[in-house]
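The values are calculated or read from the model by the stated rules, or taken from the named source; none is laboratory data. Treat the numbers as computed from the prediction; the structure is a model and nothing was measured. Cβ atoms come from the backbone with ideal geometry, glycine included; neighbour counts cover every protein chain shown.
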Amino acid sequence: MPKEPFIFLNGKIAEAEDTRISPFDRGFLWGDGIYEVTPCFGRNLYRLQDHVDRLYRSLSYVRIDPGLSPLEMVSETERLLSENHDRLGADAMYRVGHWVTRGVDDPSMMTSAAGPATVMIFFRPVDTSAIAWNHANGIKLSVSSVRRNPPECIESRAKVTSKMNQILAELDAGSRSALPLMLDINGNVAENSVANFFIVREGSVWTPPDRNILEGVTRKVVFELCSRLSIPLIERYFTMYDVAQAEEFFITSSAICATPVSDVDGFTPKRSVPGPITTQLIEAFATETGYGFHIAD
């Protein structure tokens, strides 16, 4: 059985069981941190620079200095990949996590007194068979009563570790055997707890503007692929009324690429699942990444 991948923690690469983080780390105490998740397909990091760029935009927003430049963060990630070469399956997929907290809390508990930052990079395996099944059959979403935190409270584009808002939405929808679809405080469709949401209407792809959602890297890839495939794409606010009229729904994230949605609170897409545009995007992602998802025998 292959060994667990090594972990990078504060400049050192070690076995997971040998790594230690202080119980007084502000990431644990207060959720005071930033994170990123980069997909790794068959030992190939996909869009690492895009993810590191967003990591540093978020770090700048919350005023955490990781003690590494963006170039050094990329270099350390690639060093960890190299050290893990014999521990990663050649055809497997992994989530590569970058977690940065403000560091150990001072006894005063003053934010400005904490530090230096805690920086961790790690590889976690992905169940690609489950993704393949979802690509073929779609997933079910349910509108959660928990609204997406508005940018007036905390910037939606920052990928913060304080995820209670999304966790409560996940638990809410999970009680109905579904994943959540979150609305903003004005009733516009925002996003899933961990993924961006899209619909297709009259042959055009619609997605909410980035004011009240995370600026997804895979969302950015969808923009590029739609341009390449001559599929019209529109950023606009829309509500469940528009979802009810849509031909297709799908979600995107770094871990799942583009995944069709078969049901949103009883609203089903007008086209088959996966729909023709969603299928085009799934196939384009496979070409883009050089990686295909397969249901296990």
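See the values below:
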| quantity | calculated |
| --- | --- |
| Test: residue in the stretch 212-221 that is more than 15 Å from the chain's Cα centre (by Cα) and either touching a residue at least 12 places away in the same chain (Cβ under 8 Å) or surrounded by 15 or more Cβ atoms within 10 Å (Cβ to Cβ) (or both) | yes |
| Out of Phe285, Phe267, sole residue that is buried (at least 21 other Cβ atoms within 10 Å of the Cβ) and not small (Gly, Ala, Ser) | Phe285 |
| Odd one out for Ser112, checked against (1) under 30 Å from Leu88 (Cβ atoms); (2) surrounded by fewer than 15 Cβ atoms within 10 Å (Cβ to Cβ); (3) not hydrophobic (A, V, I, L, M, F, W, C) | (1) |
| Residue in the stretch 99-124 that is nearest to the chain's Cα centre (by Cα), counting only those that are hydroxyl-bearing (Ser, Thr, Tyr) and part of a strand (DSSP E or B) | Thr101 |
| Matching residues, the stretch 135-167, being in a loop (DSSP other than H, G, I, E, B) and among the basic types (Lys, Arg) | Arg147, Arg148, Arg157, Lys159, Lys163 |
| Selection count where residues are in a strand (DSSP E or B) and of a type in the set (Gly, Ala, Ser), scope the stretch 1-25 | 1 |
| The one condition in (1) touching a residue at least 60 places away in the same chain (Cβ under 8 Å); (2) under 26 Å from Leu214 (Cα atoms); (3) not in a helix (DSSP H, G or I) that Val96 fails to fulfil | (1) |
| Selected residue (criterion: surrounded by the fewest Cβ atoms within 10 Å (Cβ to Cβ)) from residues of the stretch 125-153 that are without any contact (Cβ under 8 Å) to a residue 60 or more places away in the chain and within 18 Å of the chain's Cα centre (by Cα) | Asp127 |
| Set Ala190, Ala173: member being aliphatic (A, V, I, L, M), out of contact with any Ser or Thr (no Cβ under 7 Å at 6 or more places or on another chain), surrounded by 18 or more Cβ atoms within 10 Å (Cβ to Cβ) and under 18 Å from Phe250 (Cα atoms) | Ala190 |
| Single condition Gly89 does not satisfy, out of (1) under 30 Å from Phe285 (Cβ atoms); (2) not in a loop (DSSP other than H, G, I, E, B) | (2) |
| Test: Met164 is in contact with a helix residue (DSSP H, G or I) (Cβ under 9 Å, 6 or more places away or on another chain) and hydrophobic (A, V, I, L, M, F, W, C) | no |
| Qualifying position, being under 23 Å from Phe285 (Cα atoms) and in the same structural domain as Ala284 (by TED's automatic domain parsing), among Val189, Val160, Val146, Val205 | Val205 |
| Residue, nearest to Glu4 (Cα to Cα), within the stretch 45-69, restricted to residues that are in contact with an Asp or Glu (Cβ under 7 Å, 6 or more places away or on another chain) and of a type outside the set (A, V, I, L, M) | His51 |
| Qualifying residue in the stretch 224-238 (condition: of a type in the set (Phe, Trp, Tyr), over 17 Å from the mean Cα position of the chain (by Cα) and surrounded by fewer than 23 Cβ atoms within 10 Å (Cβ to Cβ)) | yes |
| Filter result (basic (Lys, Arg) and outside any loop (DSSP other than H, G, I, E, B)) within the stretch 26-79 | Arg26, Arg54, Arg57, Arg79 |
| Strands (runs of 3 or more DSSP E) contained entirely in the stretch 168-255, each with at least 1 residues that are of a type in the set (Gly, Ala, Ser) and within 29 Å of Thr38 (Cβ to Cβ) | 189-191, 248-253 |
